[in-house]
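Here is the structure we will look at.
Every number here is computed from the coordinates shown, using simple stated rules; none is lab data. What you see is a predicted model; the values in this text were computed from it and never measured. All Cβ positions, even for glycine, are placed from backbone atoms using ideal geometry, and neighbour counts span all protein chains on display.
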Amino acid sequence: MPNDDAKLKPDIIVADDFAAGDIAVITEGLRAYDLSQIGFCNYRPLTVFVRDPRTGHVVGGLHGRSEYGLAYVDWFFLPEDLRRKGIGSRVLVMAEQEGSRRGCRRILLTTLSVEAPGFYKARGYDVAMTVECEPCGLTRYYMTKKL
């Protein structure tokens, strides 16, 4: 007897709220597919923490990943009182060095015009692309640097 469930169309929804397990279906599914096509998967998180020396609590840092010869910066934050003191440069260099140690040849990131494109340019990052955003005048920079 034919499988009647195979004729059902899947529900497709947009969601702002989701369970971690639901996201894992997507990420693990893509990793399994990539593994079947490429023959290996070398995804690794890449994180550099900045901690308060008195409490040991994380106050900022960088979170990203490395895979397939590329390092990515997904999030980079320092509180205002730690900016312009060389700490951001140290964090970025540490991420770049770790990317190199992992065999990455490039590091990639995005930043907004109100964030830090000048900071990254001063540290050797090239603008690969810009995209105009909302509100008018806000720009997203896609940047890369050879390691």
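Quick look at the numbers
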read-out: Of the GluC sites (Glu not before Pro) in the range 40-147, those whose Cβ has at most 14 other Cβ within 10 Å and which sit in DSSP loop; value: Glu115
read-out: Check: the range 42-146 dipole with +1 on Lys, Arg Cβ and -1 on Asp, Glu Cβ, in debye; value: 520 debye
read-out: Longest site-free stretch - the chain; sites: trypsin sites (Lys or Arg not before Pro), DSSP loop, at most 12 other Cβ within 10 Å; value: 1-53
